[in-house]
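> Starting off with a structure, shown below.
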Amino acid sequence: MKTSILCFALVASLASSHVDAAILAGPISNPINGHDYYLLSSETWTASEAEAERLGGTLAVIRNAAEQDWLFSRFADFGGTNRNLWIGLSRSGPNRMLVWVTGEKPNYELWAGGQPDDGAGVESFVFMASKNRPWGFAAGRWGDIANNQLVEWRLPNGVVEVPGKSHEKSLSSKEKALVGKWYYAGKEENTCRIAGTENELFVINESNLAGRAVLTPDGNLYISAWRLRGEILKDKILWSNGTWWSREADDYENAAGKGTAAVVIKPEDLRKAAGPPVDYPQF
């Protein structure tokens, strides 16, 4: 039986002064993994990831050579135009580690010569080179650049990956246990929340900014929109930007009885609230 996840009422708004990445093509099914893909218009990495999350996915995660070859052959010259392509790999945390938007560490990579180099310490986002071989990169190879850096006089095109319905997983018991109230720096007046749908987690900070979160294989929370990792230690979350949250014990199944009306959050409402990715605010 489907179990709807009860969570506290969402009050999340985010400034809408941003440019959305438009859909140029898709959904296009990849026979290798059964996932659907979309090609987006040229935009920043963060705007492209925001659109990917609104579509129910992320920028593309490449796990093997077969997925790399399919993605390059399908989108690198889509519509007869050579295109550099954003993929879902970016730097995260104070050590600027490269991680996929799902929180996974790369186990397949195809870097251009001399890459990644994190030039000037600002090249946090990864693109796949077009057949034009920008900067002499071999076609299809990866390079790291800044969020708004032009390649061949324009921003890359984002490639979105959306798992098919057969690949969707319900939240695990560990993920469900995170749902509820949290408090920034343990202060009661700084209420934060983690909300859930059937298969997604959303983190809402005390400024009512929302971002989609995943529980990584090593048991940490990862918020790709904020490029932020959280280590879960019992009743605390230690964030990679040096801040922390603590919580009161919340009964997940009986959240409605805690004095705040509980609602069933629709995935589209949370994605709308999440808005575009932003640098994690120092609240």
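> Taking the stretch 57-116 as the search range and keeping residues that are among the basic types (K, R) and in contact with a strand residue (DSSP E or B) (Cβ under 7 Å, 6 or more places away or on another chain), which one is nearest to E152 (Cα to Cα)?
Ranking the qualifying residues of the stretch 57-116, first place goes to R83.
> Could you list, in sequence order, the residues of the stretch 120-139 that are within 23 Å of the chain's Cα centre (by Cα) and modelled with pLDDT under 95?
G121, V122, E123, S124
> Taking the options P163, P156, name whichever one is modelled with pLDDT of 90 or more and within 23 Å of A25 (Cβ to Cβ).
It is P156.
> Going by what's in this entry, would R247 be described as closer than 22 Å to A52 by Cβ and either among the hydrophobic types (A, V, I, L, M, F, W, C) or out of contact with any Pro (no Cβ under 9 Å at 6 or more places or on another chain) (or both)? Break it down stepwise before answering.
On the way: closer than 22 Å to A52 by Cβ: no; either among the hydrophobic types (A, V, I, L, M, F, W, C) or out of contact with any Pro (no Cβ under 9 Å at 6 or more places or on another chain) (or both): yes.
No, not satisfied.
> Being within 16 Å of A146 (Cβ to Cβ) and either touching a Gly at 6+ places or on another chain (Cβ under 6 Å) or part of a loop (DSSP other than H, G, I, E, B) (or both) is true for just one of P116, P106. Which residue is that?
Just a single option satisfies the conditions, and that option is P116.
> Another question, then. For A262, only one of the following conditions fails: (1) in contact with a helix residue (DSSP H, G or I) (Cβ under 8 Å, 6 or more places away or on another chain); (2) modelled with pLDDT of 50 or more. What is its number?
(2) is the only condition that A262 fails.
> Select from the stretch 160-193 the residues that are assigned to a strand (DSSP E or B) and in contact with a helix residue (DSSP H, G or I) (Cβ under 9 Å, 6 or more places away or on another chain) and list them in ascending order. Steps first, answer last, please.
From the stretch 160-193, those assigned to a strand (DSSP E or B) are 160-162, 180-184, 191-193; that's our starting set.
Residues satisfying the conditions are V160, E161, V162, G180, K181.
> Those residues that are free of Cβ contacts under 8 Å to residues at least 12 places away in the same chain and within 14 Å of V214 (Cβ to Cβ), I need them from the stretch 77-104; list them, please.
none
> Can you give me the number of residues within the stretch 223-242 that are aliphatic (A, V, I, L, M), free of Cβ contacts under 8 Å to residues at least 24 places away in the same chain and not in a strand (DSSP E or B)?
Of the residues in the stretch 223-242, 0 are aliphatic (A, V, I, L, M), free of Cβ contacts under 8 Å to residues at least 24 places away in the same chain and not in a strand (DSSP E or B).
> Something else about it: Please determine whether any residue of the stretch 138-152 is of a type outside the set (S, T, Y), assigned to a loop (DSSP other than H, G, I, E, B), touching a Pro at 6+ places or on another chain (Cβ under 8 Å) and over 19 Å from E231 (Cα atoms).
yes
> Can you tell me which residue within the stretch 190-237, out of those that are among the polar types (S, T, N, Q) and touching a Gly at 6+ places or on another chain (Cβ under 7 Å), is modelled with the highest pLDDT?
Initial filter on the stretch 190-237 (among the polar types (S, T, N, Q)): 190-191, 197, 199, 205, 207-208, 216, 220, 224.
Among the residues that remain, those that are also touching a Gly at 6+ places or on another chain (Cβ under 7 Å) are: 216, 220.
Values: T216: 77, N220: 82.
Out of the qualifying residues, it is N220.
> If you go through the stretch 63-97, how many residues are buried (at least 18 other Cβ atoms within 10 Å of the Cβ) and within 19 Å of T46 (Cβ to Cβ)?
The qualifying residues number 10.
> Contact list please: Cβ distance under 6 Å, first residue in the stretch 211-222 and in contact (Cβ under 8 Å) with a residue 60 or more places away in the chain and within 18 Å of C192 (Cα to Cα), second residue among the small types (G, A, S) and part of a loop (DSSP other than H, G, I, E, B), pairs at least six apart or on different chains.
These pairs meet every condition: G211/A225; V214/G103; Y222/G103.
The values are calculated or read from the model by the stated rules, or taken from the named source; none is laboratory data. The structure displayed is predicted, hence computed values, not measured ones. Don't worry about glycine lacking a Cβ; one is built from the backbone with ideal geometry, like all the others, and counts go over all protein chains shown.
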